[in-house]
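Everything on this sheet refers to the single structure shown next.
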Amino acid sequence: MTSEKASEYGRLEPMLAPLEALVRCESPTDDLDACREVVRLASDIATRVLGVPAQIKEIEGRPVFWWGDEQPEVLILAHLDTVWPHGSYQPLWEIKGDVLRGPGTFDMKAGFIQALYALKGIEGSVALVATTDEETGSHASKALIKDLSSKAKAVLVLEASLDGKVKTGRKGTAMYQIKVLGLAAHAGLEPEKGVNTTTEIAHAILALSSLESAEHGTTVVPTLLHSGNTTNTVPDVAVLDIDARSFSQAELERVDKAIKNFTAVNPKAHLEITGGLNRPPLQPSSTKALYERAEKVAAAIGMKPLGCAEVGGASDGNFAAAAGAQVLDGLGAVGGGAHAPTEWVSVSSMQERSDFLHAFIKDLLAKDVS
């Protein structure tokens with residue numbers, strides 16, 4: 001750490017100082033060097049807070065922060081990557097009253113810091129594992145998460161809360177890309193000789209909307225789209241990315257089959273379809289026991305009820321539940337604006353949430369999970 005960073009590190013209140021250091025160390029998922037730097041910084045912070053450095057592991061080519069047991073009974077999951085490209089969120093750090101702003105503060109560097117402080121004084125089989133590819137689907141880390149979760153008696157996910165509520169259900173996710181190959185031609189002189197990929201991808205977009213189901217919370221959303229190269233040419237290539245989500249695994253499988261069976265409306269066009277299922281849903285049956293226990297702990301320490309919610313966003317908690325673990329998600333920051341320029345964290349909530357997590361971990365280590 002540079003001397004400039006070191007002086008900043010000690011300038012604020014104990015929990016905010018390391019959070020500022022983490023936020024200023026920008027860590028977009030696709031920048032591997034930046035992710036390695038943020039994990040090194042997080043290990044340094046762990047040494048300062050807990051007196052013991054974290055291990056820095058390479059899992060499938062990605063850096064992973066690992067503090068604690070190799071096979072923990074209580075597994076705390078976090079991630080240190082963000083969706084924000086370098087310099088895309090300004091200012092990097094700002095506090096006005098109770099509102100703290102910065103890239104990745106809410107999702108989820110504040111949660112990581114709360115977890116570190118919650119571990120102070122904890123004795124027992126526990127580990128805090130923070131990955132660096134969560135925002136893009138955890139392709140490198142999901143096998144590790146499943147393996148650890150399958151052997152843990154509780155998995156606590158430090159993703160951000162929903163207005164303070166923990167998350168007891170999440171949609172499963174799938175991601176696809178449809179590439180249409182056509183034939184270029186002059187748009188004015190002889191468009192009929194071309195095979196228009198913009199027109200073809202429009203048919204696909206309309207077909208996607210028909211796959212949605214309000215009953216199951218199934219959404220199939222066209223996201224990134226690119227077609228053509230010049231304004232006076234029939235486009236010969238179009239590429240569409242798709243985000244599909246549902247609370248039902250059967251629904252995800254239905255959508256998966258339908259998308260993979262898409263055919264071109266124009267027989268002269270060719271479709272290339274890639275992608276598939278990513279995270280299975282996190283079902284309330286996997287969270288019920290830990291949620292009920294968490295509310296008892298909150299009441300015991302004089303904290304108001306946490307409350308719970310089922311949400312559309314997915315997390316590594318989905319993988320943990322798929323491995324058979326009991327899971328509780330959304331134990332991290334209170335705030336809002338995940339992935340948005342309004343991202344913020346409530347400063348006054350951080351200590352309370354960390355104190356609750358400390359008490360919850362102690363309770364889980366002291367008793368069997370029923």
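The values are calculated or read from the model by the stated rules, or taken from the named source; none is laboratory data. Predicted model only: the values in this text are computed from it and were never measured. Glycine also receives a Cβ, built like all others from the backbone with ideal geometry; neighbour counts cover every protein chain displayed. Note: accessible area is taken over every heavy atom of the protein model, side chains too, but ligands, DNA and RNA are not part of it. Shrake-Rupley method; radii C 1.70, N 1.55, O 1.52, S 1.80 Å.
Can you list the lysines whose alpha carbon sits under 16 Å from that of Lys304, skipping same-chain ones fewer than 8 residues off?
Lys165, Lys296
Given labels modelled 7 Å from the Cα in the Cβ direction, how far is it in nm from Ala366 to Thr274?
For the pair Ala366/Thr274, the computed spacing is 5.3 nm.
Can you give the accessible area per residue of the chain, in Å², using a 1.4 Å probe? Show your work: numbers first, answer last.
Numbers: 15910 Å² over 370 residues.
Heavy-atom accessible area per residue stands at 43 Å².
Once whole DSSP H runs in the chain are found, which of them have Cα atoms spread over 24 Å or more along the helix axis and a mean Kyte-Doolittle score of at least -1.0?
Values: long enough: 32-50 (26 Å, 0.57); 349-366 (26 Å, -0.01).
Counting only whole DSSP H runs, the qualifying helices are 32-50, 349-366.
Count the net charge of all other residues whose Cβ sits under 15 Å from the Cβ of Arg245, scoring Lys and Arg as +1 and Asp and Glu as -1. Write down the numbers at each step before the final one.
Details: positive: Lys167, Arg170, Lys171, Arg254, Arg279; negative: Glu212, Glu215, Asp241, Asp243, Glu251, Glu253, Asp256, Glu310.
Net of charged neighbours comes to -3.
Please find, in a Gaussian network model of the chain (springs between Cα atoms separated by less than 10 Å), the residue of Trp93, Trp66, Trp344 whose mean-square fluctuation is greatest.
Maximum among the listed residues: Trp93.
Taking only DSSP H segments of four or more residues, each worth -39500 (n - 2.57), what value at 222 nm results for the chain once the sum is divided by all its residues, to the nearest 500 deg cm²/dmol? Intermediate values should be presented prior to the final figure.
On the way: 10 runs with 117 residues, N = 370.
Per the formula, -9500 deg cm²/dmol.
At 0.36 nm per residue, minus the direct Cα-Cα distance, what do Ala207 and Glu192 gain on full extension? Give it in nm, one decimal, please. Can you show the working numbers first?
On the way: separation 15, 0.36 × 15 = 5.40 nm, distance 2.42 nm.
Difference between extended and current length: 3.0 nm.
So how far, in whole Å, is the C-alpha centre of the stretch 314-332 from the one of the stretch 234-258?
24
Quick one: if the Förster radius is 25 Å, what FRET efficiency do Ile122 and Ser348 give, using the C-beta to C-beta distance and rounding to 0.05?
Working: r = 24 Å, r/R0 = 0.95.
The pair Ile122/Ser348 has a calculated efficiency of 0.60.
Among the lysines, which have Cα under 18 Å from the Cα of Lys193 when same-chain residues fewer than 8 positions away are ignored?
Output for Lys193: Lys268.
If I take R0 = 25 Å and measure r between the Cβ atoms of Gln177 and Lys288 in this structure, what FRET efficiency does the formula 1/(1 + (r/R0)^6) give, to the nearest 0.05?
Details: r = 36 Å, r/R0 = 1.45.
In this case the efficiency is close to 0.10.
Counting only DSSP beta bridges with both residues in the chain, what percent are antiparallel, rounded to the nearest 5?
75
So how much slack lies between Asp98 and Ala300, counting 0.36 nm per residue of separation and subtracting their Cα-Cα distance, in nm?
Between Asp98 and Ala300, full extension yields an extra 70.1 nm.
If Lys and Arg each add +1 and Asp and Glu each add -1, what is the summed charge of the other residues whose beta carbon sits under 12 Å from the beta carbon of Asp236?
+2
Enter the Cα centre distance for the pair the stretch 146-192 and the stretch 19-50, rounded to the nearest angstrom.
Cα centroid to Cα centroid, the span is 25 Å.
Considering amide H positions built from the backbone, and no H for Pro or chain starts, which residues 5 or more places from Gly313, or on another chain, come under 5 Å of its amide H?
Lys171
What is the extension gain from Val221 to Val52, computed as 0.36 nm multiplied by their sequence separation minus the C-alpha to C-alpha distance, in nm to one decimal?
Numbers: separation 169, 0.36 × 169 = 60.84 nm, distance 4.47 nm.
So the extension gain works out to 56.4 nm.
Counting only protein heavy atoms and using a 1.4 Å probe, what share of the accessible area of the chain belongs to carbon plus sulfur, as a whole percent?
On the way: 8460 of 15910 Å².
Answer for the chain: carbon and sulfur cover 53 percent of the accessible area.
With 20 Å as the limit, write out which pairs from Lys57/Lys362; Lys153/Lys288; Lys57/Lys367; Lys142/Lys171; Lys167/Lys260 have Cα-Cα distances beyond it, or answer none. Before the final figure, lay out each step's value.
Numbers: Lys57/Lys362 27 Å; Lys153/Lys288 14 Å; Lys57/Lys367 31 Å; Lys142/Lys171 17 Å; Lys167/Lys260 31 Å.
Correct reply: Lys57/Lys362; Lys57/Lys367; Lys167/Lys260.
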